[in-house]
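We did not get these values from a lab; they are worked out from the coordinates using the rules stated. Keep in mind it's a predicted model, so treat the numbers as computed, not measured. Positions of Cβ are backbone-derived with ideal geometry, glycine not excepted, and every protein chain shown enters the neighbour counts.
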Amino acid sequence: MENTERINSKAIISLVLGAVTLVLPLLGIVTGIIGIIYYTKAKKEMVVTGETGEGVSIGGLVLNIVGLVLQLLGLIFIFFIIGTIVMDVAIY
């Protein structure tokens, strides 16, 4: 018999949500926050159950944080462009 260790399912969900955060504009902000919540739940659950998935959960956390930062920078950029257009139209 082969001894296979289980990877925590919440860690996998965190990783998938991190990838989604990088791809989906605006909705990625929500998925990034949910992914970070799943990361914390996975860390706590892995200690109790002894499941593996530390690397998967850390990868999910990194993807979620990077995705959130990129999403927020994109949002700031969009507001900056809209503000510049509105101010340009208001001057004339």
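A simple count of charges around G59, restricted to other residues whose Cβ falls under 14 Å of its Cβ and scoring Lys, Arg +1 and Asp, Glu -1, yields +1. Karplus-derived 3J(HN,Hα) values for the range 55-62, using 6.51 cos²θ - 1.76 cosθ + 1.60 with θ = phi - 60°, are x, 5, 5, 5, x, x, 4, 4 Hz; glycine and proline are entered as x.
The mean sequence separation of alpha-carbon pairs under 8 Å and at least six residues apart, normalised by the residue count of the chain, gives a relative contact order of 37 percent.
The magnitude of the dipole of the chain, with charges of +1 and -1 set on the Cβ of Lys/Arg and Asp/Glu and taken from the Cα centre, is near 180 debye. The candidate values are (1) 58, 14, 13; (2) 23, 14, 13; (3) 40, 10, 7; the one derived from this structure for semi-axes √(5λ) of the Cα gyration tensor in Å carries the label (3).
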